[in-house]
Amino acid sequence: MEDFKKKEYRNIFKEIGKTEEEINAKLSECVEAFFYDDEERIYREEGSDLGYLVDTGNNDARTEGMSYGMMMCVQLDKKNEFDRIWKWAKTYMFMADGENEGYFAWSCKTDGTKNAYGPAPDGEEFFAMALFFASHRWGNGEGIFNYSHEAQEILKACLHKGENGRSGKAMWNKDNAQILFVPGSPFTDPSYHLPHFYDLFALWAYEEDRPFWKKAADASRKYLVSACHKETGLCAEYANFDGTPLSEKLPWGYFGNFFSDAYRTAANIGLDALWGGEDKGQFSVPLKMMNFFKTDLEAVRCEYTTDGTPTDRPVLHPLGLLSTIAQGALTVPYSDKKGSDFETARKWVEWLWNEPPRKGVRRYYDNCLYLFALLALSGRYRIW
């Protein structure tokens, strides 16, 4: 990764002709709806110093959304909201003892009661990255607001649970350096692979763990090439360590097709490109997806197998899917602006531009991915 302190960030919206005023207005509309609109907001405040993001489709708070909210806040310079969300997570979600000591319960009721005592690793990695950025943007405070220390402790738990008599299981497979679907599981989730985060963990985690994070960044970039179909670019929600879709049906369903979790993979690859990550072949994935779907309406029609065969299961998060494919446009260089690849990418960005935030019960996941896409495509999803 290049020297991020000197980095300039692409603004694809500007590249396709949007003015700074239009971009600011578009982002402000989404932020207002997401955080403050009485009818449509995802973010809620509790008392004088707590806040949470609600999954409106399931009426709970999840480490996915909480950590996403913290990342949004540090990118938008919203320290008050960031601290409220972090304190809510530490107050209600953090597990101080037991098998999963050091992790966060992946789901809680909106009153803070835990729905489960298991963690979801995508929450931990987003918590850690957002906390490092908060440390660098705002400075460390005391206690739980010593952001960099909290981030380092999270990553320490992720790697060292189960070692030296410590209870529980790690969130990464130490042999292949791949993130796991849940601690100890024999498979992974391709959308959890964030090599652009691991590059930075290799700089800021506890020193003894930095070589592992460098290894994990390389492993995840290579993994994404194998997990995404060579023609369609589609990956499964859950997959084996060799990238093949998980074939068995789990107690809560089958997740070997391209569906909701898997949408995030294109966005992650786009952000890796924006931040200056190394291309191991994964940067070709979003364009393959754009060419496979051809139109935004085709993309949001149904679930697909990774080879592109449609199923009869309808898409639950159409705006989320559109957002992540559009964010993948960051892999297509501006130098190709007169070529067909840039024209294809431009169409997807235009389709996203023309969409407002989603309303209604299912809006949580869609609008999280939508806001992230607006930040990334405007060059405002940055390393701090």
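Can you list residue pairs whose Cβ atoms sit under 7 Å apart, with the first residue in the stretch 235-256 being of a type in the set (Ser, Thr, Tyr) and the second being open to solvent by less than 80 Å² (accessible area, probe 1.4 Å) and assigned to a loop (DSSP other than H, G, I, E, B)? Count only pairs 6 or more apart in sequence or on different chains.
Once the first residue is of a type in the set (Ser, Thr, Tyr) and sits in the stretch 235-256, its partners that are open to solvent by less than 80 Å² (accessible area, probe 1.4 Å) and assigned to a loop (DSSP other than H, G, I, E, B) give Tyr238/Phe181; Tyr238/Phe187; Tyr238/Asp189; Tyr238/Leu246; Tyr238/Phe255; Tyr238/Gly256; Ser247/Gly256.
Which of the helices (runs of 4 or more DSSP H) found entirely inside the stretch 276-347 contain at least 1 residues meeting this: more than 18 Å from the chain's Cα centre (by Cα) and modelled with pLDDT of 95 or more? Spell out the reasoning first.
Values: elements: 285-293, 296-299, 318-327.
So the answer is 285-293.
Residue under question is Asn24, and the condition is that it be open to solvent by 40 Å² or more (accessible area, probe 1.4 Å), part of a loop (DSSP other than H, G, I, E, B) and not aliphatic (A, V, I, L, M); does it hold?
No: the conditions fail for Asn24.
Which condition breaks for Ala236 when tested against (1) part of a helix (DSSP H, G or I); (2) open to solvent by less than 20 Å² (accessible area, probe 1.4 Å)?
Against the list (1) part of a helix (DSSP H, G or I); (2) open to solvent by less than 20 Å² (accessible area, probe 1.4 Å), Ala236 comes up short only on (1).
Please go through the stretch 138-179 and pick out each residue that is open to solvent by 30 Å² or more (accessible area, probe 1.4 Å), polar (S, T, N, Q) and not in a helix (DSSP H, G or I).
Within the stretch 138-179, Asn140, Asn146, Asn164, Ser167, Asn173, Asn176 meet the criteria.
Restricting attention to the stretch 291-326, which residues are among the small types (Gly, Ala, Ser) and either crowded, with 23+ Cβ neighbours inside 10 Å or more than 20 Å from Leu224 (Cβ to Cβ) (or both)?
Let us first name the residues in the stretch 291-326 that are among the small types (Gly, Ala, Ser), namely 299, 308, 320, 323, 326.
Scanning the stretch 291-326 gives Gly320, Ser323, Ala326.
Go through the stretch 180-218 and give me each residue that's within 15 Å of Leu155 (Cα to Cα), without any contact (Cβ under 8 Å) to a residue 24 or more places away in the chain and open to solvent by 10 Å² or more (accessible area, probe 1.4 Å).
Of everything in the stretch 180-218, those that are within 15 Å of Leu155 (Cα to Cα), without any contact (Cβ under 8 Å) to a residue 24 or more places away in the chain and open to solvent by 10 Å² or more (accessible area, probe 1.4 Å) turn out to be Ala202, Leu203, Glu207, Glu208, Arg210, Pro211, Lys214.
Quick one: Glu248 ticks every box in (1) charged (D, E, K, R); (2) assigned to a loop (DSSP other than H, G, I, E, B); (3) touching a helix residue (DSSP H, G or I) at 6+ places or on another chain (Cβ under 9 Å) bar one, so which box is it?
Among (1) charged (D, E, K, R); (2) assigned to a loop (DSSP other than H, G, I, E, B); (3) touching a helix residue (DSSP H, G or I) at 6+ places or on another chain (Cβ under 9 Å), Glu248 violates only (3).
Answer yes or no as to whether Leu371 is part of a helix (DSSP H, G or I) and either open to solvent by 10 Å² or more (accessible area, probe 1.4 Å) or within 30 Å of Leu200 (Cβ to Cβ) (or both). Before you say what the answer is, go through the steps one by one.
Working: part of a helix (DSSP H, G or I): yes; either open to solvent by 10 Å² or more (accessible area, probe 1.4 Å) or within 30 Å of Leu200 (Cβ to Cβ) (or both): yes.
Here the answer is yes, as Leu371 does meet what is asked.
The values are calculated or read from the model by the stated rules, or taken from the named source; none is laboratory data. From a predicted model like this one, the values you see are computed outputs, not experimental measurements. Quick reminder, even Gly has a Cβ in these numbers, built from the backbone with ideal geometry, and neighbours come from all protein chains shown. Keep in mind that these areas ignore ligands, DNA and RNA; they rest on the heavy atoms of the full protein, side chains included. Shrake-Rupley method; radii C 1.70, N 1.55, O 1.52, S 1.80 Å.
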